[in-house]
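For reference, the structure is listed below as structure tokens.
Each reported figure results from applying straightforward, stated rules to the coordinates on display, with no laboratory input. Quick caveat: nothing in here was measured; it's all calculated off a predicted structure. Here the Cβ positions follow ideal geometry from the backbone for every residue, glycine too, while neighbour counts run over all protein chains shown.
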Amino acid sequence: MIAVNRVPVGVIDAAKRTKRSRQERQAFMERLAADGLDFYLIGSRPEPNDRRAPLDLYGVGEEEVAHLARAARSAGIRLGISAFPDERAVESERQLSDIVDTLMKTPFMGDIDMLLLRFDGSPMSGRHLLVDTQVEITRAVAAAFRSQLRVAVCPTLYADDVSKVGISVSDRDDYRRTWSQVDGDVSIFWSGSTLMSEGIDHHSVAGITRQYRRKPALWYNFPVNDGQGYQAQLRLIPKIDDVRQNMNQLELIGFNPMKQLRLSEIPIISAARALRSDSEDWSAVTRQVCTETLGARLGETVWSSIGRLDPADEEWAATRSELTSALAGDDSPYAAELRQWLHEVQRGDKGGE
């Protein structure tokens, strides 16, 4: 058994093209806090055509952020917001100052505990070549807010595998070494060997630690299901073995939830509990979380089907029938998400999407 130090664990809510209501976010955040998670970071990026240069803030209004901040303080969890600087629009000190001034004048900056700068938006092509400007922006923002909140950054190349973006490994390594110039109190996110957080092994963690000259913050793309090959799945089984083995080498861990935000409580809370416990068996923990979250009847049904929540599964017809029966008369928000997912899957089966 590996002795694990206390590493902050929370959520980076960054599923693409997914809208959340204020009530949905608050209920989700309060459930995380009740189970001891440390932060809730709102991070979905704007669509490319909607971005505003040289800086775009995630589109949550001032009133909503203030409301969520009050709820976060009451629940005992840190609230964070994402900002999206466009380094391509920064060609002078004045434009760099404009980014800092825009953030300083944003009313809700005094209400939040974390600020995430994201340089990973589309289009990615060539943006790694502007790493010096990315670092300048990050330094300026960190200096302005150091005494007020925690600043973190998600770089353009935040996964080891760069083959799909046409960048060489040597260019990737040069990019990362430039990021090591950022002050050590800035957290730098990394998703692992791939964007979907596969290959969190000792070798890869040690490599990114050397390049960034600090422990990486893990952007853990689980249980998110907005990527190719995952859209039809409910990913409720916590994938934590690699993380557990390397937890002492990570600065913090942020789970990225599914489009089904409330159902994401099941794998995220299960994973957090399993990481804190001495047990390496996630199954008992997850079964308990299923019934706590969904109630006895629906919870046991989902638990018994947890490895088959995929329309590509050969037993999908029976699984869908069992879930539909267990949902009868249940009007909880979890049941509503599960019904909506079943409806979307059925439309997909019929070629409706």
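Compute the signed sum of charges (Lys and Arg +1, Asp and Glu -1) over the other residues within less than 11 Å, Cβ to Cβ, of Ala33.
In short, 0.
State whether the stretch 295-349 is rounded, prolate or oblate according to the following rule on the C-alpha gyration tensor (a ≥ b ≥ c being the square roots of its eigenvalues): a/c under 1.5 gives rounded; otherwise a/b larger than b/c gives prolate, and the remaining case gives oblate.
oblate
Amide H to amide H under 5 Å from Leu55: which residues, 5+ apart in sequence or cross-chain, H placed 1.01 Å off N in plane?
Asp86
Run through the DSSP bridge list for the chain and note the antiparallel percent, rounded to the nearest 5.
Around 10 percent of the beta bridges assigned by DSSP in the chain are antiparallel ones.
Report the relative contact order of the chain, percent, no decimals, based on alpha-carbon pairs under 8 angstrom and at least 6 residues apart.
About 15 percent, as a whole number.
Can you work out ³J(HN,Hα) from phi for every residue in the stretch 136-152, in order, using Karplus 6.51 cos²θ - 1.76 cosθ + 1.60 and θ = phi - 60°, giving whole Hz and x for Gly and Pro?
4, 4, 5, 4, 5, 5, 4, 5, 6, 10, 3, 7, 9, 7, 8, 9, 10
Working from Cα positions, state the angle (0 to 90°, nearest 10) between the long axis of helix 93-104 and the longest principal axis of the chain.
40
Is the shape of the stretch 143-263 rounded, prolate or oblate, going by the alpha carbon gyration tensor and its root eigenvalues a ≥ b ≥ c, with a/c under 1.5 for rounded and a/b larger than b/c for prolate?
prolate
Quick check on packing: order 211-221, 109-119, 315-325, 127-137 by the mean number of other C-beta atoms within 10 Å, highest mean leading.
211-221, 109-119, 127-137, 315-325
List the residues whose amide H sits under 5 Å from the amide H of Ile188, counting only those 5 or more places along or on another chain, with H placed 1.01 Å from N in the peptide plane.
Amide H neighbours of Ile188, under 5 Å, 5+ apart: Val153, Ala217.
Which order do Ser283, Ser270 fall in if you start with the one that has the fewest other Cβ atoms within 10 Å?
Ser283, Ser270
With a ≥ b ≥ c the root eigenvalues of the C-alpha gyration tensor of the stretch 203-251, is it rounded (a/c under 1.5), prolate (a/b larger than b/c) or oblate?
Because a/c hits 1.5 or more and a/b exceeds b/c, the stretch 203-251 counts as prolate.
Among Ser191, Ser44, Ser74, which one shows the highest mean-square fluctuation when the chain is modelled as a Gaussian network with alpha-carbon springs under 10 Å?
In this elastic network of the chain, the residue with the biggest mean-square fluctuation among Ser191, Ser44, Ser74 is Ser74.
Calculate how steeply helix 333-349 sits against the longest principal axis of the alpha-carbon atoms of the chain, using the helix alpha-carbon long axis, and give the answer as 0 to 90 degrees to the nearest 10.
Around 90 degrees separate the two axes.
Roughly what angle does helix 282-294 make with the longest principal axis of the chain, taking Cα atoms, 0 to 90 degrees, to the nearest 10?
The helix 282-294 is inclined about 80 degrees to the chain.
Let me check I've understood the local charge: for Ser332, count other residues with C-beta under 13 angstrom from its C-beta, Lys and Arg +1, Asp and Glu -1. What total comes out?
Cβ neighbours under 13 Å give a net charge of -2.
How large is the Kirkwood hydrodynamic radius of the chain, in angstrom, based on all distinct alpha carbon pairs?
21.1
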